[in-house]
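Below is one structure; the comments refer to it alone.
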Amino acid sequence: MKKIIISVVMIFCLLLFTASGIYAKQKTFTREYTYQASEMDSKVSSRTNATAEMRNILLREVGTYIRSEQQTSVKGNTQDYAEKIEAITAGIVEMKVLEEKWDFGTYYIKAEMTVDPDDVNKRIAEVLNDKQLTKELEDSRKRTREAETEIAKLKREMEAQQRQFAKEKDATKKTLAKERDRDLQVSYNKQIDWLSAEKYYDKALVAHNNGLYELAVEYYQKCTDISPHYSTYFNMGCSYDGQNNYTQAISCYQKAILMNPNYVEAYCNMGTAYYRLGNVNKQLECYKKAARLGDIGCQNWLKGNGYSW
């Protein structure tokens, strides 16, 4: 009996040691941020701005940490590489909101990102080998930054406009200033919507890259509900492909092409989806269109199978 007890204890200690070794690799970054709301901000816009800035803070820290953990040296422009890694990280690491509070003047948020450097480095390498996915992630990050820059600019303009409105005494000029302020508010809200859509876009990318295709479709749908974009429809189609739902995938690729008639990748994927459904004529039609738009893969496939384009 004594020997059995000792064996059980030893096994428990071994499991505990093994588990601690697994989790020791993980590193969690936890940060706080408080957004100072302006007169033109609502709770929704304040939360969107606070969440975006919190995500930026964490992504910069995680990116710096990941680069410091990499063993290989990076040739070329290190700033470009840093931005590329930050963009990719945004698509594979999810931010978890721990606490948030709105008091009508400030929006407080506390959030974290947990990473395993070995796992993240492996996935970064995989993404870098996928030029299309890398481009999608970089474009998403670029759009987010452009929206943030435009939001900051519009806030400054609205604050200046409101100061001018308060000083203006001429009734006609006051009316014009009020209309200008209303136009700026509309533009501001539009950019907030865009930033909010990008948040769901990033969540969808994380879900898709983790093989959670159904969840990815859900996030992409929320994104398109706020601000439709051809790349969102394309990626939603890829997530439907992941579920083997080729009919829905084709519908998404068609929507992407309606918004961007020269979207080569959408034609390629749609052709493959038609092939999965057994519609060879449609497959050829899509591949030929992609080939005429310059896709080397479709050109080689058509040539190898005796077709011209």
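The values are calculated or read from the model by the stated rules, or taken from the named source; none is laboratory data. Note that the structure is predicted; figures quoted are calculated from it, not measured. With ideal geometry, Cβ positions are generated from the backbone for all residues, glycine too; neighbour counts draw on all protein chains shown.
Taking residue 168 as meeting all but one of (1) acidic (Asp, Glu); (2) touching a Lys or Arg at 6+ places or on another chain (Cβ under 9 Å); (3) more than 27 Å from residue 201 (Cα to Cα); (4) surrounded by 16 or more Cβ atoms within 10 Å (Cβ to Cβ), write down the number of the exception. The one condition residue 168 does not meet is (4). Filtered by the rule that a residue be part of a strand (DSSP E or B) and buried (at least 16 other Cβ atoms within 10 Å of the Cβ), the range 111-124 gives 111, 113, 115. Among the residues of the range 62-80, those identified as modelled with pLDDT of 80 or more and either loosely packed, with under 10 Cβ neighbours inside 10 Å or out of contact with any Pro (no Cβ under 7 Å at 6 or more places or on another chain) (or both) are 62, 63, 64, 65, 67, 68.
For (1) over 25 Å from residue 208 (Cα atoms); (2) in a helix (DSSP H, G or I); (3) small (Gly, Ala, Ser), each residue gets a yes or a no:
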| site | (1), (2), (3) |
| --- | --- |
| 94 | no, no, no |
| 126 | no, yes, no |
| 134 | no, yes, no |
| 141 | no, yes, no |
| 146 | no, yes, no |
| 158 | yes, yes, no |
| 161 | yes, yes, no |
| 165 | yes, yes, no |
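Take the residues in the range 179-219 that are at pLDDT 90 or above, in contact with a Lys or Arg (Cβ under 9 Å, 6 or more places away or on another chain) and aromatic (Phe, Trp, Tyr); name whichever of them is surrounded by the fewest Cβ atoms within 10 Å (Cβ to Cβ). The residue in question is 188. The set of residues in the range 173-208 that are closer than 17 Å to residue 87 by Cα and either outside any helix (DSSP H, G or I) or of a type in the set (Phe, Trp, Tyr) (or both) comprises 200, 201. Checked against (1) more than 16 Å from residue 202 (Cα to Cα); (2) without any contact (Cβ under 8 Å) to a residue 40 or more places away in the chain, residue 104 passes all but a single condition, namely (2). Condition (residue is within 30 Å of residue 43 (Cβ to Cβ) and among the aliphatic types (A, V, I, L, M)) applied to the range 218-236: is it met by at least one residue? Yes, there is a match, as at least one residue in the range 218-236 is within 30 Å of residue 43 (Cβ to Cβ) and among the aliphatic types (A, V, I, L, M).
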